[in-house]
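The values are calculated or read from the model by the stated rules, or taken from the named source; none is laboratory data. Source: prediction; values computed, not measured. As a convention, Cβ positions derive from the backbone with ideal geometry for all residues, glycine included, and neighbour counts pool all protein chains shown.
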Amino acid sequence: MKIAILSRNKKLYSTRRLVEACEQHGHEPMVIDVLHTYMDIASSKPEAHFKGQPLPYFDAIIPRIGASVTFYGTAVLRQFEVMGSFPLNESVAISRSRDKLRSLQLLSRKGVGMPNTGFAHNPDDIQDLIKMVGGAPLVIKLLEGTQGIGVVLAETKKAAESVLEAFMGLKANILVQEYIKEAGGADIRCLVVGDKVVAAMKRQAQAGEFRSNLHRGGTASLIKITPQERATVVKAAKVMGLNVAGVDLLRSERGPLIMEVNSSPGLEGIEAATNKDVASMIIEFIEKNAKPHNTRTKGKG
């Protein structure tokens, strides 16, 4: 099969591993920078061009689209979908998961466990907003933040009011979430491929830090998840419509709580922590499912 990997940097660990896995399985991979791809949106023969040349038909597309280029990246992916290529994750599903507010509302509608969450724009709503999520301590998140950037733990009501007033003064979109104290600064990253959790690792925040992101000095270790956690994680990925997802959950007194569903999960940390060849599992999923025009959304938004 001809497989395109949409990635801005072919030297990144995840991109390199996917190229290796493609080649090991006898496929032809091509790494394409989405920002250097442009489109001929014609009803008779839609095309995608790269470096002055029309791109060939690809049997499958693996999108590794960074959060900062979501709009253009999903537009390029959608063009490949129109051309009939099989997307590992569909453009609609990626857009859905990248919108933190929309994704939480969808999870809520489907009854998936998650921390109590508030969303507001007007400073007059601060008192009720804090009460809504159970009071301080609480977590305040910028809607557009990634990798732990724009996430603040407000330990007192006064601190929460100050941070909320500051963010709202900047006209920022923010989420307010209850702080799950019993999680102890740890979360679990589960890697879903298809309808299975193929790998799971515990991420522990370093001392004095509550964010467990590996980019922020967190440590990763192998962990065994419960059947309830497994079912919750698979359901969360399914609600987003993602075939491959990194699902972050917290262990709480009321069961597993989903924090985020990531459509382009990094492979380095989880492959190292679990010693599993996740890249090959992704290619094997493509081998079983890649057929022309095999998308679930069929162009729906």
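Brief remarks on what is shown
- Qualifying residue in the stretch 165-184 (condition: crowded, with 16+ Cβ neighbours inside 10 Å, over 21 Å from residue 254 (Cα atoms) and at pLDDT 90 or above): no
- Tally, over the stretch 208-264, of residues that are touching a Phe, Trp or Tyr at 6+ places or on another chain (Cβ under 9 Å) and modelled with pLDDT of 95 or more: 2
- Selection from the stretch 12-31 of residues that are more than 23 Å from residue 53 (Cβ to Cβ) and not polar (S, T, N, Q): 12, 13, 16, 17, 20, 21, 25, 26
- If you check 133, 76 for being under 22 Å from residue 252 (Cα atoms) and surrounded by 17 or more Cβ atoms within 10 Å (Cβ to Cβ), only one passes: 133.
- The selection criterion, being out of contact with any helix residue (DSSP H, G or I) (no Cβ under 8 Å at 6 or more places or on another chain), at pLDDT below 95 and not acidic (Asp, Glu), does not hold for residue 301.
- Residues in the stretch 271-282 that are outside any helix (DSSP H, G or I) and either under 11 Å from residue 201 (Cβ atoms) or not assigned by TED's automatic domain parsing to the domain that holds residue 200 (or both): 275, 276.
- Within the stretch 261-284, the set of residues being surrounded by 20 or more Cβ atoms within 10 Å (Cβ to Cβ) and either out of contact with any His (no Cβ under 9 Å at 6 or more places or on another chain) or at positive phi (or both) comprises 261, 262, 263, 264, 265, 267, 269, 270, 273, 278, 279, 282.
- Spans of strands (runs of 3 or more DSSP E) in the stretch 1-101 with at least 1 residues within 25 Å of the chain's Cα centre (by Cα), under 22 Å from residue 268 (Cβ atoms) and at pLDDT 95 or above: 2-6, 28-32, 60-63
- Of the numbered criteria (1) closer than 29 Å to residue 258 by Cα; (2) free of Cβ contacts under 8 Å to residues at least 40 places away in the same chain, the one residue 53 fails is (1).
- Residue in the stretch 262-270 that is assigned to a strand (DSSP E or B), closer than 17 Å to residue 190 by Cα and either not aromatic (Phe, Trp, Tyr) or not assigned by TED's automatic domain parsing to the domain that holds residue 6 (or both) present: yes
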